[in-house]
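Here is the structure we will look at, set down as structure tokens.
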Amino acid sequence: RLIGFLDEASAQMDVTLTADATATPILNLDAGRVILSPKLDATAPVDDGAAVQLTLPDGRTTTYYGLTDTVVPAGDISVRVSIGNALAEVVVPVIAGNTLEQDIIAEAGLAAIEGYYTPDLQIESGAHAVVIYPAKVALDGSRERIETIYGAGAQSTLPPGDYVAEVSLDLAVAEVPFTVKGGERVDVKVVLNAGVMAITAPEGAQIVVLPAKADLPVSVTAGERTEATLP
């Protein structure tokens, strides 16, 4: 039995060998070539970090990254492209013996989010958390967390839409709404209106900072000295 493979395509056939002849079997893979270019928009370059997941006609799945150039079985191929938090799903028809070239657009923009103690004093450490939520809330008032990033220089690739950026550091929390447009960058500035308090308690076992409002977290630190960011 002869079994042949080329990228994602395969085929097999029985071959009869004789002592007085050279066998020249022709194995038909019944396959075509696809060249898929994942992009953030039609004019953008190919995104090398994009995940390109292919679901083949037999149900198998395989994932490539960036420009995808491969041979697949003929038939309808489901393609799922993800770039950051942006997704695109299409079905491409593959004809045996043909090459199909197609751009897959996962439209998105870039949100660059920075936290600030005050409007003029940026948080430059890696201690603060940046959480991104959709602007729309559920019926019970909850919001689904999209992504959490830590520290300065936080960036997130997001599909066009309305969002909320929340920055938290110790007991200080603030949030700002923002809008992402396809192919554009938006700079988001979140101001905590907070300062840093240093506490020293000689021979103390732990230091507890209680917030004035019940809905804020409590800070507990072991030892004789601590610093906390407070609104």
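The values are calculated or read from the model by the stated rules, or taken from the named source; none is laboratory data. For clarity, every value in this text was computed on a predicted model and none was experimentally measured. Glycine also receives a Cβ, built like all others from the backbone with ideal geometry; neighbour counts cover every protein chain displayed.
Check segment 36-54 and report whether any residue there is more than 30 Å from residue 111 (Cβ to Cβ) and not basic (Lys, Arg).
There is no residue in segment 36-54 that is more than 30 Å from residue 111 (Cβ to Cβ) and not basic (Lys, Arg).
Could you tell me which numbered condition residue 14 fails, if it satisfies all but one of (1) surrounded by 10 or more Cβ atoms within 10 Å (Cβ to Cβ); (2) of a type in the set (D, E, K, R); (3) more than 17 Å from residue 79 (Cβ to Cβ)?
(1)
Let me spell it out: the conditions are (1) more than 15 Å from residue 102 (Cα to Cα); (2) part of a loop (DSSP other than H, G, I, E, B), and residue 5 meets all of them except one. Which number is the exception?
It fails just one condition, (2).
Going through 63, 18 one at a time, which residue ends up being part of a loop (DSSP other than H, G, I, E, B) and either among the hydroxyl-bearing types (Ser, Thr, Tyr) or touching a helix residue (DSSP H, G or I) at 6+ places or on another chain (Cβ under 8 Å) (or both)?
Exactly one residue qualifies, and that residue is 18.
Of the numbered conditions (1) under 29 Å from residue 112 (Cβ atoms); (2) surrounded by 14 or more Cβ atoms within 10 Å (Cβ to Cβ), residue 48 fails exactly one; give the number of that condition.
(2)
Please go through segment 144-184 and give me each residue that is part of a loop (DSSP other than H, G, I, E, B) and small (Gly, Ala, Ser), ordered by number.
151, 152, 153, 182, 183
Take residues that are out of contact with any helix residue (DSSP H, G or I) (no Cβ under 6 Å at 6 or more places or on another chain) and closer than 30 Å to residue 193 by Cα and tell me which of the strands (runs of 3 or more DSSP E) falling wholly in segment 77-128 contain 2 or more.
Hits in segment 77-128: 109-118.
When both residues are 6+ apart or on different chains and their Cβ atoms are under 7 Å apart, which pairs have a first residue that lies in segment 7-35 and is within 24 Å of residue 56 (Cβ to Cβ), and a second that is loosely packed, with under 10 Cβ neighbours inside 10 Å and at pLDDT below 85?
Matching pairs, first to second residue: 12/1.
Select, from 127, 74, the only residue that is assigned by TED's automatic domain parsing to the domain that holds residue 189 and surrounded by fewer than 20 Cβ atoms within 10 Å (Cβ to Cβ).
Exactly one of 127, 74 is assigned by TED's automatic domain parsing to the domain that holds residue 189 and surrounded by fewer than 20 Cβ atoms within 10 Å (Cβ to Cβ), namely 127.
Please work out which one of (1) closer than 26 Å to residue 11 by Cα; (2) of a type outside the set (Val, Ile, Thr); (3) in contact with a Pro (Cβ under 9 Å, 6 or more places away or on another chain) is the condition residue 53 fails and give its number.
Failing condition for residue 53: (3).
Could you check segment 130-164 and list, in sequence order, the residues that are surrounded by 12 or more Cβ atoms within 10 Å (Cβ to Cβ), over 16 Å from the mean Cα position of the chain (by Cα) and modelled with pLDDT of 95 or more?
Residue satisfying the conditions is 164 alone.
Based on what the data block shows, is residue 68 free of Cβ contacts under 8 Å to residues at least 40 places away in the same chain and surrounded by 17 or more Cβ atoms within 10 Å (Cβ to Cβ)?
Yes; evaluated as a whole, the condition is true for this residue.
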